[in-house]
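Reading through the C-alpha cells given below for one structure.
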Amino acid sequence: MSEAELEREIVALNYRYARCLDENRLDEWPEFFIEEGRYLIQPRDNLDQGLEGYWLYFENKRMLRDRVVSLKDVNIYKIHYERRLVTNVEVTGRDGDGWLARANYLVMHTDNEGRSTLFSVGEYRDRIVRSAGALRFSERRVIVDTFVVPSHLSMPI
Amino acid sequence: MSEAELEREIVALNYRYARCLDENRLDEWPEFFIEEGRYLIQPRDNLDQGLEGYWLYFENKRMLRDRVVSLKDVNIYKIHYERRLVTNVEVTGRDGDGWLARANYLVMHTDNEGRSTLFSVGEYRDRIVRSAGALRFSERRVIVDTFVVPSHLSMPI
Amino acid sequence: MSEAELEREIVALNYRYARCLDENRLDEWPEFFIEEGRYLIQPRDNLDQGLEGYWLYFENKRMLRDRVVSLKDVNIYKIHYERRLVTNVEVTGRDGDGWLARANYLVMHTDNEGRSTLFSVGEYRDRIVRSAGALRFSERRVIVDTFVVPSHLSMPI
C-alpha cells in the first residue's frame, strides 16, 4: 500500500471516529480500539511540564466499555449536540507494526436553546495498527488545550 | 476513476462551494446544482425527531436563482464577512448514478468592527452527480446544529 | 509528479507550518520560506478595497529571522497556547516555476486559566516553490478577517 493510500485510510479513520461520537453511537466507540488499546486524555500543560497527570487513563477496551455504560447512566446531563471538526491529519512515522499519526480537533457543543459554543480544542496523538480487518487505535492520546471543562461526566473526545 | 480520485474531486467541490459563498459570488452559487437540484436547510433537532420542518426547501435551480435575487436586495443588512471551514468530508456510498457524501462545516462571521464570531456549525449531507462536465449537487441538505440564528435573511450555508 | 501528489505535498506543508507555530518552534518558522520569500499580513478589508495597508510586510527571510528574535524578547506577554485548524486547501494554478494555493485557517488561543477563544480567522494565499529539497513559500499572504486583535506583538499566523 502506498503512503498516500495509508494516509487516506487514517484520515477516514479519524472521520468515522468523529461521526460516531457526534451521533452519540457510544456502543461503537470502543470498536475503534484494539483489545489492549489505550485511551488517554491529558491536559497540554501536564504534557509540556513532563507531568503524568491525566484526566482519563483507560488501559484496555474493557475500561472503554465500562465508560460507555456509566456515560449512558448520566446521559440526562449531557449536552444536546456535539460536532467535531478534525483537521491537520499527519502521519508522522512508523512504530513497529503500527503508524504514528496526529490531528487537531475542535469540539463544538450546541445546547437545548440552539446555542453553539466551543467545548474543547486540542490534538490527537495516535498509534494505529491494522487489526481484524480495519485500522484501529492501539493508543489514542488526546492532548487538550482547553482545561476549564468538567471532565468527569464528559463524552469521549 | 479510482475511489481516491473521486474523493479528491468531492473534497474540491466542497472547497469551491465554500469559497464561492465566502467571496459573496452569489450568482455562481446555483451553478453548483443540477437543474432539478434540491437545497434544504433542516435543524438537526427536526431531523432527529423525524420531523419535516425545514428552514429552507428549494426544489430546483430556479428557486435558488430567485433566492439569489432576493438576497441581493437585502444585502445591506448582511454581515461584513463570512468564512467557511469545511472538514470531515466522507464519501459514504453510491446511489444510482450519484454518490452520497457528508462533511462538517463551521461558518464564521466577521462584523464591521472586525469581530469574528461563530455563525453556524453543522453538517452537509449530499447527493452528487456528474453533469455538464462537473460534479454538482442533486441534493445538498444542510443539517444545522445551531438554531438561534435568524434564517430568513441569511446567506446560503 | 501527479496533481494529486502535489496537492498532498502542499497540504502537508500547511500542516507542518501550523504545527511548527502551535508548538512555538519559532526558530524553524523562517525555514518554511525561501531566502527572498515574502510574508505579509493584510486585513481582508484592505484587500477588498484595493488598499495597500498591511499589518506586516516582510520581504525576505532575514526580516523573518529578525521577527523571531523580537518575538522571543516579548515572549512573556504571549498567550499560553495556540492551535491552528487549517482547512480548505486548494491548489489554484501554476505561476512560472511555482504553484498558487489557498487555505482557510482558524487560530485558537488558550490562556493560563485554560480558556480557549478564537484569535483569528482568515485565509492563506500562497506561492510555493520547490527549493533545497522541499516545498517552501516564495510568498505567504495572510488575509485576516478578524481585525480587532493587536497585531504588533502577535505570533506569526
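Here's the yes/no breakdown for (1) more than 15 Å from B:Pro156 (Cα to Cα); (2) under 14 Å from the mean Cα position of the chain (by Cα); (3) within 12 Å of chain C (Cβ to nearest Cβ):
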residue	(1), (2), (3)
B:Ile10	yes, yes, no
B:Glu31	no, yes, no
B:Val68	no, yes, no
B:Leu71	no, no, no
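Find the residue count for segment B:113-126, including only residues that are farther than 13 Å from B:Ile157 by Cβ and either more than 9 Å from every other protein chain (Cβ to nearest Cβ) or hydroxyl-bearing (Ser, Thr, Tyr) (or both).
So in segment B:113-126, the residues farther than 13 Å from B:Ile157 by Cβ come out as B:113-117.
Pick out the ones that are also either more than 9 Å from every other protein chain (Cβ to nearest Cβ) or hydroxyl-bearing (Ser, Thr, Tyr) (or both) and you get B:116-117.
Looking only at that region, the number is 2.
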Report yes if some residue within segment B:88-102 is open to solvent by less than 30 Å² (accessible area, probe 1.4 Å) and farther than 28 Å from A:Glu9 by Cβ; otherwise report no. no
Checked C:Val91, C:Val129, C:Val148 against criteria (in a loop (DSSP other than H, G, I, E, B) and more than 14 Å from chain A (Cβ to nearest Cβ)); the one match is C:Val148
Give just the number: which of (1) hydrophobic (A, V, I, L, M, F, W, C); (2) modelled with pLDDT of 95 or more; (3) in contact with a strand residue (DSSP E or B) (Cβ under 9 Å, 6 or more places away or on another chain) does B:Ala134 not satisfy? (3)
The residue that is surrounded by the fewest Cβ atoms within 10 Å (Cβ to Cβ), considering only those in segment B:31-65 that are without any contact (Cβ under 8 Å) to a residue 24 or more places away in the chain and in a loop (DSSP other than H, G, I, E, B), is B:Gly50
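Select from segment A:1-16 the residues that are among the hydroxyl-bearing types (Ser, Thr, Tyr) and in contact (Cβ under 8 Å) with a residue 24 or more places away in the chain and list them in ascending order. Before the answer, list the steps.
Of all residues in segment A:1-16, those among the hydroxyl-bearing types (Ser, Thr, Tyr) come to A:2, A:15.
Scanning segment A:1-16 gives a single hit, A:Tyr15.
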Of the residues in segment A:98-112, those that are more than 10 Å from chain C (Cβ to nearest Cβ), touching a strand residue (DSSP E or B) at 6+ places or on another chain (Cβ under 6 Å) and free of Cβ contacts under 8 Å to residues at least 60 places away in the same chain come to A:Gly98, A:Leu100, A:Val107, A:Met108, A:His109, A:Thr110
State all residues of segment B:7-30 that are in contact with a Leu (Cβ under 9 Å, 6 or more places away or on another chain) and open to solvent by less than 40 Å² (accessible area, probe 1.4 Å); if no residue qualifies, say none. B:Ile10, B:Ala12, B:Leu13, B:Ala18, B:Cys20, B:Leu26, B:Trp29, B:Pro30
Take the residues in segment B:126-141 that are touching a Ser or Thr at 6+ places or on another chain (Cβ under 9 Å) and under 21 Å from B:Val86 (Cα atoms); name whichever of them is most open to solvent (accessible area, probe 1.4 Å). B:Arg127
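The values are calculated or read from the model by the stated rules, or taken from the named source; none is laboratory data. A quick note: this is a predicted structure, and the numbers were derived from the prediction, not measured. Positions of Cβ are backbone-derived with ideal geometry, glycine not excepted, and every protein chain shown enters the neighbour counts. Heavy atoms of the whole protein, side chains included, go into the accessibility calculation; ligands, DNA and RNA do not. Shrake-Rupley method; radii C 1.70, N 1.55, O 1.52, S 1.80 Å.
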